[in-house]
Amino acid sequence: MLIDRFGRTVDYLRVSVTDRCDLRCNYCIPKGYRQFEARESWLTSHEIIRVIKTFAKLGTHSIRLTGGEPLLRKDIVTLVNRISKINVIRDLTITTNGTQLLKLSKPLYDAGLHRLNVSLDSLKQSCLLKITGTDCLNQILKGLEEAKKIGLSKIRINMVPIPGQNLDDIDQMVQFCIEHNFILCLIEVMPMGKTGQHSKTVNLQPIIRELKEKYKLYPIIDRIGNGPARYWKSSQNTSFKLGLITPLSQHFCETCNRVRLSVDGILYTCLGQNDQMPLRPLLRSHCSDAELEQAITQAILSKPKSHNFLEKPNQINRIMAKTGG
Ligand code: SAM
């Protein structure tokens, strides 16, 4: 078991399999961004699997593949297949922008993917174009339809509400999720990199109060997945579930159970701090399994108590796509 100084068990690893993305969401990757990792620095699939197996041995049973856009990585289906065969991994999920889902839903499902989070900030073509820099709504909707059709259940839609952009689209998104039996998760924008720091932020609490009232929501005790979202269910629409990720207005650091591996093999022990353990030099110097385990255990012991997004909003230069959202 991996247990940190504050008694928190870490049993969830998020792996960024690429830092590249085909979209440029204006709160995430800056336009003209050039600081992508060189391909030689990317962990190979063999190295990723080795790290995941080591985490699995140390008690991890949830893996999320993310990025950048994970579905752009050429060996993504093979990776999913190999991870799904690791016995103790009970929850294998991907966070994607959905642009590649039409062609990849079936191969990913067949490879053993359990669940899917799809980021979609608006159902209005022009609004989504403005946020992502690409006219991608129809492509994403077709991908979602395919994912649902082939049987990927519990699809979650991630939406980052931003004042002046998509704040008025929340109701339409709720209706869409009810209609398709998707879970909706609202996420507060975090000050990561200049894009996140310059983005207009929103306190989700008043919006949540309104939604609770309107859809008669009550908290779900059972967990969905292993992440930070808190979930609510509608007593009107039994199928509708709302997830909330509120790192700024109501943080959840005291129950944090996860760490992140970047595409270049750096283990980040907190999204909102710079604490890190580079694993690539170890992996490439043919370290023993015991050495790798020791490095991971040591990193977990230095996991920070909490982020400082409010106190030090300019502290994190890494954009979300670098750390793996
Ligand atoms: N490309 C994939 C996608 O779009 O879902 C995975 C990577 S993306 C970085 C993962 C999630 O992080 C997305 O839901 C995105 O909206 C969110 N995200 C990116 N930058 C963020 C920020 N500064 N604050 C909050 N969420 C952010």
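What follows is calculated from the coordinates using simple rules that are stated; it is not laboratory data. Owing to the predicted nature of the structure, the values given are computational and were not obtained by experimental measurement. Here the Cβ positions follow ideal geometry from the backbone for every residue, glycine too, while neighbour counts run over all protein chains shown.
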Q.
Looking only at segment 303-313, how many residues end up being more than 13 Å from the ligand (Cβ to nearest atom) and touching a residue at least 60 places away in the same chain (Cβ under 8 Å)?
A. 3
**Q.** Candidates Gly68, Gly32 - the one that is away from the ligand (no atom under 16 Å from the Cβ) and either exposed (fewer than 15 other Cβ atoms within 10 Å of the Cβ) or under 19 Å from Ser119 (Cβ atoms) (or both)
**A.** Gly32
Q | Residue list for segment 164-213, filter: under 20 Å from Gln250 (Cβ atoms), free of Cβ contacts under 8 Å to residues at least 12 places away in the same chain and among the charged types (D, E, K, R) | A | Arg209, Glu210, Glu213
Q) Of the residues Ile83, Ile94, which single one is under 19 Å from the mean Cα position of the chain (by Cα), within 27 Å of Ser285 (Cα to Cα) and aliphatic (A, V, I, L, M)? A) Ile83
Q: Give the number of residues within segment 107-164 that are of a type in the set (Gly, Ala, Ser), more than 13 Å from the ligand (Cβ to nearest atom) and within 24 Å of Thr246 (Cβ to Cβ).
A: 1
**Q.** Set Ala290, Ala229: member being within 24 Å of Asn308 (Cα to Cα) and either surrounded by fewer than 19 Cβ atoms within 10 Å (Cβ to Cβ) or of a type in the set (A, V, I, L, M) (or both)
**A.** Ala229
